[in-house]
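Encoded as structure tokens, the structure appears first; notes follow it.
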Amino acid sequence: MSEDRPDRPARPGQTQDPPPYRVYRAGRESPQSDTDRRGSSDSYELSDPGERRRPDRGNRPYKLYRSAPRGLMSRLRGEDGTEVISRPSGGGGRGSGGGVGGGQRSGNDGVEPGKVRWWRKRWTPFRILRWVIGICVFWLVLSLVLFLVSASIQSGGSIPASAKRQLSSGPNMITGTDTVLVLGLDQRPKGSKEPGAFAGGIRSDSIMLWRIGGGTSRRLSIPRDTWVNIPGHGQSKINAAYAYGGPALAIKTIERFTHVKINHVIIVNLANFPVFIDAIGGVDVHTGRICSKISGGAKNGGFSLFLKPGEHHLSGIQALTLARTRENSCNAASTDLTREAYQQQILNDIKSKLVSPSIIPRLPWASWDAPKALRTDMGGFALMQLFVAAELGGSAPTDILKPTGAAVIDGQDALLASSADVRRHVAKLITGH
């Protein structure tokens, strides 16, 4: 019995639905007229997807074309309506399982009928977006792993147990608020005569209290020359506490001076900071005119920095030189407070770089170098909380404990701060007012 062709007119009284699919044999066909092709056994049409006429020629794949247009979501998923139907090598008719309804794997490439290799699929906007998101997630996870591994390696050089015992327990920095003491060390070469050098040991070059967590981020800088009482050592500059008793005595001295309980401590080695700054692509600062020569200047193995007034993009070494500049020969009005303001600019721009999209290509290197520049009681996950809390808290201007006077005590230039001024600045750190 002959079968009705899909393009044959319907008998009277009957309706004929348009065929959902039209099948053409893949491969090159010899030129022939439309009339010859319609009558050829090498091409055929289907009125029913499960019913077809098979040519007797070799086992060749067929392309299946969808007759109806695809919808928007189908196009976004990469479905173009083109599928390949492969017959098993044994050939045969409908009963052999080949063709449309056979459900057999192709003997040629091992691809199931109706499926296409992933690299042969059309690159749609939706598919490109999925790949971009996948690569970004992998990059972030890699950076996190590198950070945790580096932090674990550096934990052997963490702060001593005596300093940890001096710290007070506090909540996590996502939901609660902690006070973090940040100490910047500036170790001079042995026998250095540059200003600020101290023969008795390493002093803390910068001192900052950071109130962080629970949507809060406020900072208070304490000038290193502030005159205070150091337990067990009498009156001296506040930065000498680290030289006398390490981080434990520095924590104890600052707590007694400010009456603020400290929950964590971060000790930054400024000598290792340039590598990290270079890893994040440098920092941007606004300065006045700078003429700085440290340790005899670059010609004598030290550091030199000459800047015009305005915005500058600094490398790691340049940023370190600016942070250490105590004497600016181009501006006699520059003081230690000016230097601390530049240090805060550097820290603020580092934070901005770490949350900027521009850090993404550099993130694995920055994650690996960051723990090398600091020592802390916090582990890798606590440091991650700190970074998240810093982003949630925003960037508030850093308050500086300005002295009420200056004096020369025991041959040392010291800055004096009254108890009332200390209470006022501490209240602003804790409450924001």
Being outside any loop (DSSP other than H, G, I, E, B), surrounded by fewer than 17 Cβ atoms within 10 Å (Cβ to Cβ) and either touching a Gly at 6+ places or on another chain (Cβ under 6 Å) or at pLDDT below 90 (or both), is that true of even one residue in segment 314-332?
no
Inside segment 372-410, can you point out the residues that are at pLDDT 80 or above and assigned to a strand (DSSP E or B)?
R375, T376, D399, I400, G405, A406, A407, V408, I409
Can you say whether D413 is part of a helix (DSSP H, G or I) and acidic (D, E), as far as the supplied structure shows?
no
Looking at segment 247-265, is at least one residue within 33 Å of the chain's Cα centre (by Cα), modelled with pLDDT under 90 and not β-branched (V, I, T)?
no
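Table: residues versus (1) in contact (Cβ under 8 Å) with a residue 60 or more places away in the chain; (2) farther than 27 Å from V355 by Cα.
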{"position": "L386", "(1), (2)": "yes, no"}
{"position": "A389", "(1), (2)": "yes, no"}
{"position": "A406", "(1), (2)": "no, yes"}
{"position": "A417", "(1), (2)": "yes, yes"}
{"position": "D421", "(1), (2)": "no, yes"}
When you scan segment 236-248, do you find a residue that is within 29 Å of A333 (Cα to Cα) and part of a strand (DSSP E or B), even just one?
yes
Extreme residue, farthest from R165 (Cα to Cα), among residues of segment 251-287 that are part of a loop (DSSP other than H, G, I, E, B) and out of contact with any Leu (no Cβ under 8 Å at 6 or more places or on another chain):
G281
List, please: which pairs have Cβ atoms under 7 Å, are six or more places apart or on different chains, and start with a residue in segment 300-314 that is of a type in the set (K, R) and end with one that is modelled with pLDDT under 95?
K308/R289
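The values are calculated or read from the model by the stated rules, or taken from the named source; none is laboratory data. Nothing here was measured: the structure is a model prediction, and the numbers come from that model. Please note: Cβ atoms are built from the backbone with ideal geometry, for glycine as well, and neighbour counts cover all protein chains shown.
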